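Values in this text are rule-based calculations from the coordinates and carry no lab data. Bear in mind that the values here come from a model prediction, so they are computed numbers and not experimental data. Positions of Cβ are generated from backbone atoms using ideal geometry, with glycine treated the same way; all protein chains shown enter the neighbour counts.
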Amino acid sequence: MDYLLYEAEDFAADESYLNYYFRLNKTDIAFWEDWIRLHPEKLDLISQADHLIGLMAMQLPDEELQDEFRRIERGVSQQSHSPEPRQQSVSFDNVLRRERGRGWRRLVVALSAAAVLIPLGYVYFFKPHTDDARLPIASAGAMLERTNPTSQPMSMRLEDGTFVTLDPGSKLVCPAHFPADRREVYLEGGGFFKVNKSARQPFYVYYGNFVTHVLGTSFTIRMDKRQEQVEVAVLAGKVEVYKRARVNPEKEPRDQGDLVILTPNQRAIYKESEQRFETSLVEKPRPVRPDTAFLETPAGDPGATVFKTATLADIVRSFEKTYSIDIEMENEGINNCHFSGDLSGMDLYKQLDVICQSLNMSYEVIGTRILIRGRGCN
Amino acid sequence: MGEDLLWRAIRNNDLGAFTEIYKSYYQFLFAYGMRVNGDKHLVKDAIHELFLEVWKGRDRLPEVAHVGSYLRTILRRKIIKEVPQHQWRSLDEHSYGADAAEYSYEERLVRLQSDEEMKQKVQKAIHSLSKKQLEVIRMKFFDEKSYAEIADLNATTPRTVYNQVYEALKILRKYLGLLF
């Protein structure tokens, strides 16, 4: 079964996919969650398939579901009677976050206090997240918030067609309707974004005290397990990441270190302790676009990576194009070396390992570039 | 956390567990409610009440083997109590569409939509399906039956049922395509 050739209706009619959708079979659930994660370029089709299934399976439309959720939230918070009064100030949604680190716990306390004094409105949910009094998102109009309380990634589509997969325990806050000039969302936890291009409506993701300005792309944001650093990794397109103080990036001068621009397979890591961004390559670079010009591809197997007496110059150019990563040679002579071999199914670093080993060379990742060292060939 | 642990946590006043049960069972209960009665406002109200009562009576919640079936049973009882007998419309698997007074699957699909434009689109899309196609779609997506089960009921092969579903989905997507 070649799922890569699937259209939306192929997924929607696939028994295994439906077992995943309806949560009927553990093997299928695991398989599809994995598959979807590994094929972000298929998210559009997957979400079309989900819409199709949801419609026929009589699921309540999403916006109404959000309304119902707010209704039960109000209903529950209005209940004055409680068997254990000490729990009364716990608000509805923030309990999910209690396992988080210290910073989050402080947030939960702030939220709980707010919940006692005022009726729970969704606007209040993000107010305590900001360190300054200024709300990051234009607060006009109703806000929607979506939490993923499950242990699985949860996919959703925003009003503008942007596709978001929220990590377990994460939350996204966005306006019910985006204003005409910008799209701003607020994220806690982590998630994958595939942003619909729109030149007139730039897309901003606010996360803690920094902002990711998206230029039509897909990327992930998440905090590491120890919660000391935040990582933004780009799969396609281009994003700009900067600290929250820069409310209007167009008007302020850009300093080194607190603004970075990322292209595919690059990531920015923001360390709380150092208060600055550091750029590097992602752990596992993924092909951005296949480049087969220099490959001896066996017929019928487009996924194969086989080189036949190709020069290193050609191989490196092919890698650069495929992974959108800059690769440099320590000396010109390396370009003249030849390599033959089957590198199918290996990731970029493994491929470089094999090539370097066979030619008695080495490579090093320096920031967002790769440097190949060796004596070279004549 | 497993559902039985969550359920027990609700009894211990855990609002987070309650939220989790609410969110993971909502669509499951909603689809079931729509099967019992085609009025989505009634179903929404019944689910709302059901959960409010669960939280209100959290210190007296019974131990249950399957949270989903427990919630479904209460939901069914609630919906039946709400609707006077003479207005009763059931969507029994085999009798659907037989009684003019009850909502058919296709009517329910249309009524489910929030806005007029979407209602019309869904109606148009469904009308372009054959009777057989609509039936297999209902069995597959609403009754959550396997292709083998549907094939048995229709005295045909799973492959044929798959093809029918696939063709129906293609038509539906064509009509609904602009929405996505």
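Show me A:353-365, B:105-117 ranked by packing, highest mean number of other Cβ atoms within 10 Å first.
Output ranking for A:353-365, B:105-117: B:105-117, A:353-365.
Evaluate the charge dipole of segment A:301-350 about its Cα centre and quote only its size in Debye, nearest 20, assuming +1 on the Cβ of each Lys and Arg and -1 on the Cβ of each Asp and Glu.
180 debye
Toward the positive end of the charge dipole of chain B, about the Cα centre and with charges on Cβ (Lys, Arg +1; Asp, Glu -1), which of B:103, B:67, B:47 goes farthest?
The one lying farthest along the dipole's positive direction is B:103.
State the percent of C-alpha pairs, over all pairs in chain B, separated by a distance greater than 23 angstrom.
Roughly 52 percent, once rounded to a whole number.
Say a paramagnetic label sat at a point 7 Å from the Cα of residue A:362, along Cα to Cβ; which residues of segment A:269-284 have their backbone N under 20 Å from it?
A:281
Given labels modelled 7 Å from the Cα in the Cβ direction, how far is it in nm from residue A:314 to residue A:78?
7.4 nm
Pick from B:35, B:159, B:76: which residue has the top mean-square fluctuation in a GNM of chain B where Cα pairs under 10 Å get a spring?
Looking only at B:35, B:159, B:76, the largest GNM fluctuation is found for B:159.
State, as an integer percentage, the relative contact order of chain B based on alpha-carbon contacts under 8 Å between residues 6 or more apart.
17 percent
Along the Cα→Cβ direction, 7 angstrom out, place labels at residue B:167 and residue B:132. What is the inter-label distance in nm?
With each label placed 7 Å out from Cα toward Cβ, I get 0.6 nm.
Using a simple charge model, +1 on the beta-carbon of Lys and Arg, -1 on the beta-carbon of Asp and Glu, nothing else, what dipole does segment A:5-82 show about its Cα centre, in debye to the nearest 20?
Magnitude of the dipole: close to 500 debye.
So what is the calculated 222 nm ellipticity per residue for chain B, using -39500 (n - 2.57) for each DSSP H run with n of 4 or more, over all residues, to the nearest 500 deg cm²/dmol?
Calculated mean residue ellipticity at 222 nm is -21000 deg cm²/dmol.
Take each of the peptides B:67-74, B:148-155, B:43-50, average the number of other beta-carbon atoms within 10 Å over its residues, and list them starting from the highest.
Highest to lowest by the protection proxy: B:43-50, B:67-74, B:148-155.
To the nearest whole number, what is the average tally of beta carbon atoms from other chains within 10 Å of the beta carbons of peptide B:45-58?
Rounded to a whole number, the mean comes out at 3.
Tell me, what is the FRET efficiency for residue B:48 and residue B:148 to the nearest 0.05, using R0 = 51 angstrom and their Cβ-Cβ distance as r?
With a Förster radius of 51 Å, E is 0.85.
In whole Å, what is the distance between the alpha-carbon centres of segment A:323-355 and segment B:48-72?
Measuring centre to centre over Cα atoms gives 60 Å.
Specify which residue in the list B:139, B:122, B:22 is farthest towards the positive end of the charge dipole of chain B, using unit charges on the beta carbon of Lys, Arg (+1) and Asp, Glu (-1), about the Cα centre.
The residue sitting farthest along the positive end of the dipole is B:122.
If the chain between residue A:273 and residue A:156 were fully stretched, how many nm would it gain, using 0.36 nm times the residue separation less the Cα-Cα distance?
38.8 nm
Would you please give the FRET efficiency between residue A:25 and residue A:375, computed as 1/(1 + (r/R0)^6) with r the Cβ-Cβ distance and R0 = 60 Å, to the nearest 0.05?
The computed FRET efficiency comes out at 0.60.
Find which of A:191, A:180, A:164 sits farthest along the positive direction of the dipole of segment A:161-206, computed with +1 on the beta-carbon of Lys and Arg, -1 on that of Asp and Glu, about the Cα centre.
Going by the charge dipole, the pick is A:180.
Determine the shielding of peptide B:142-150 by partner chains: average, over its residues, the number of Cβ atoms on other chains within 10 angstrom of each Cβ.
The per-residue average across the peptide is 2.
Over all residues in B:31-37, what is the mean tally of Cβ atoms on other chains that come within 10 Å of each residue's Cβ?
Taking the mean over all residues of the peptide, I get 2.
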